[in-house]
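Since every read-out is calculated from the coordinates, none of them should be taken as a lab result. Since the structure is predicted, the reported quantities are computational estimates derived from the model, not experimental observations. Cβ atoms come from the backbone with ideal geometry, glycine included; neighbour counts cover every protein chain shown.
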């Protein structure tokens with residue numbers, strides 16, 4: 001694979017795409033290590049659990065355990081009753097690590113705040129054809145060129161179709177002649193921070209009542225047009241010391257180390273290629289054990305009629321991980337004790353319901369003996385999928401398309417229930433507010449591009465987040481509120497829990513004197529502020545607040561940020577009006593920090609009927625080519641944004657008949 005990439009680079013070094021010429025960049029020869037590094041980068045991009053630990057530590061430091069406990073999505077039995085001594089003075093180092101990691105992701109185009117996905121598989125008992133159907137739409141950050149590259153690989157031992165990341169051999173999501181599979185993020189809590197006690201000389205750390213030597217290794221960093229630089233990585237048994245890299249706390253007797261599953265050896269390439277070759281359920285199960293980072297829930301279906309949902313990935317066995325706080329590095333009971341064995345990982349095979357589904361929620365029972373995560377997505381996408389697939393009917397391909405494109409918001413339905421209970425229309429005096437209130441009461445909860453109710457609702461959510469959290473979090477640190485919102489599942493889950501509970505100290509605005517705000521005040525003010533914002537920024541006529549006008553999708557190219565360059569080369573694709581939000585099956589996720597431009601969503605949509613794997617249905621957001629003037633640079637964008645699919649056939653005779661171009665490579 002690497003030889004093929006390098007041969008192409010060599011043959012085209014004087015005919016590189018325009019981006020390379022504009023950046024005055026000559027691509028380096030590809031190495032096998034680059035494939036592995038890219039796979040690990042994707043693993044880190046899909047690892048978000050540690051973001052919350054930094055926020056909760058800041059809040060614990062300022063407000064103590066009792067008040068901080070209120071903003072957790074779930075209460076933990078072992079949440080500390082007071083602030084442990086080893087936590088003191090760590091905020092700056094943790095925040096700096098967060099900022100540096102975010103900057104690297106942004107530079108590499110790997111920044112994503114909504115890491116959800118959908119997949120499901122129906123058995124033949126639930127389909128009109130009597131054969132399984134598998135569907136998958138992984139949610140990633142949008143970019144141009146598109147994240148995925150569509151591919152059909154054929155050799156004497158392999159015949160597989162699907163999508164892959166440019167730079168990786170094999171198909172990541174897809175099907176062969178016998179099986180099909182699709183991924184969602186397992187949401188594994190796969191990162192822990194440890195507070196290490198250092199010796200006065202800062203060359204040892206304390207562990208299990210004795211001093212151990214800090215290990216060192218040098219890494220060479222290449223810099224364009226400048227000499228190489230060398231950095232030293234210092235590590236404990238728990239992992240690399242992150243604050244040493246950033247030169248913080250140099251005079252302190254404490255350090256912060258980080259443990260991540262991606263620091264251990266694993267062989268995802270063997271797992272991926274063995275899955276590509278798998279002929280049945282047993283082959284798939286054997287191959288999936290090699291896939292460790294990042295943790296994934298895989299929907300599976302085969303021509304024998306089997307369907308399954310399989311968790312694969314390394315999940316650490318440790319004490320205290322569910323606390324979402326840095327752990328004491330000197331105590332062995334908090335050290336990782338290996339990983340959950342593959343045989344003990346959750347899976348479902350051929351359930352009586354006739355379907356399996358995953359949308360980044362917990363699908364295993366409360367009796368499962370191990371902690372996997374508390375970072376699951378809000379339940380609304382999964383509940384909507386489950387509601388539809390539980391209907392007493394036989395499903396068709398058209399039904400699957402309709403479900404993947406579903407923009408019904410169970411989140412809006414639940415939120416507005418509490419709003420209408422707390423705020424009767426008699427509380428309103430403004431005529432525009434009364435009209436908007438009446439429209440929300442009659443809304444069908446579909447966030448389609450023509451819905452002005454969707455715009456009102458999403459504006460209310462933004463205002464509610466600010467009213468509940470911003471006053472306290474701003475006092476905890478400059479960007480604590482922004483960091484809290486950046487991992488959207490936490491504020492969505494927690495705010496809904498607070499509304500259900502009805503009472504919380506977080507409802508009260510600490511900046512207002514002699515007034516104690518309650519749930520009703522938060523909900524009423526959220527509505528009033530949303531209407532004021534929309535009237536001022538968009539129009540005094542609420543019928544002009546169509547969701548597709550304020551919620552748009554643009555596929556941004558890295559060089560498209562420069563206006564004159566984008567006009568010359570048309571790098572960016574869009575904008576397009578976009579339906580849905582981060583909690584609808586048809587994902588239209590936007591950042592709570594920068595509403596309402598869509599940032600994340602379906603990076604590919606697959607529908608794979610197991611009775612006819614020579615013809616599957618798929619669509620990617622823009623196109624196959626990365627060359628701006630190429631026919632296939634953005635030819636799929638109109639189809640994608642209008643909810644259409646293309647049929648991908650693997651029948652060679654049909655392809656030749658339709659005039660397909662053939663490239664024959666001879667050694």
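Find the Cα radius of gyration of the range 127-261, compare it with 2.2 N^0.38 Å by division, and give the number to two decimals.
1.66
When the chain is fully extended, how far beyond the present Cα-Cα distance does residue 352 get from residue 420, taking 0.36 nm per residue of separation?
Between residue 352 and residue 420, full extension yields 20.6 nm more.
If I model a spin label at residue 570 and residue 65 as a point 7 Å from the Cα along the Cα→Cβ vector, what separation in nanometres do I get?
Calculated label separation equals 6.2 nm.
List the relative contact order of the chain as a percent without decimals, with contacts defined as Cα pairs under 8 Å and 6+ residues apart.
17 percent
Could you give the length gained on full extension between residue 158 and residue 366, defined as 0.36 nm per residue of separation minus the Cα-Cα distance, in nm?
Computed gain between residue 158 and residue 366 is 70.9 nm.
Quick one: which of 416-423, 595-602 comes out on top by average Cβ neighbours within 10 Å, and what's the full order, highest first?
595-602, 416-423
Using mean Cβ contacts within 10 Å as the protection proxy, how do 331-340, 179-188 order, highest first?
Highest mean packing first, the order is 179-188, 331-340.
Relative contact order of the range 410-550, please, whole-number percent, based on alpha carbon pairs below 8 angstrom and at least 6 residues apart.
Relative CO of the range 410-550 lands at 37 percent.
How much FRET efficiency would the formula 1/(1 + (r/R0)^6) give for residue 615 and residue 561, where r is the Cβ-Cβ distance and R0 is 45 Å, rounded to 0.05?
Step by step, r from the Cβ atoms, then E = 0.70.
How many nm separate the modelled label positions at residue 26 and residue 304, each set 7 Å beyond the Cα in the direction of the Cβ?
Taking the simple label geometry, residue 26 and residue 304 are separated by 5.4 nm.
Could you compute how fast the chain diffuses translationally, taking Rh as the Kirkwood radius over C-alpha pairs and applying Stokes-Einstein at 37 °C with viscosity 0.692 mPa s? Give it in µm² per second.
Roughly 123 µm²/s, to the nearest whole number.
Based solely on its DSSP helices, what 222 nm [θ] is calculated for the chain when runs of n ≥ 4 H residues each add -39,500 (n - 2.57) and the sum is averaged over all residues, nearest 500 deg cm²/dmol?
Rounded to the nearest 500, the figure is -9500 deg cm²/dmol.
Taking 7 Å along the Cα-to-C-beta vector as the label spot, tell me the residue 317-residue 662 distance in nanometres, rounded to one decimal.
About 5.5 nm, to one decimal.
Evaluate the relative contact order of the range 559-667 (contact order divided by residue number), counting alpha-carbon pairs under 8 angstrom at least 6 apart; express in whole percent.
In percent, rounded to a whole number, it is 17.
Going highest first, how would you order 281-294, 25-38 by mean Cβ packing within 10 Å?
281-294, 25-38
Extent of the range 410-550 along each principal axis, from alpha carbon coordinates, in Å, largest to smallest?
Taking the Cα atoms of the range 410-550, the three principal extents are 40, 32, 28 Å.
Cut-off 19 Å, label point 7 angstrom out along Cα-to-Cβ of residue 11: give me the residues of the range 613-652 whose amide nitrogen falls inside.
It comes to 625-627, nothing else.
Per 0.36 nm of contour for each residue apart, how much would the distance between residue 3 and residue 652 grow if the chain were fully extended, relative to their Cα-Cα spacing?
The span from residue 3 to residue 652 would gain 231.0 nm if fully extended.
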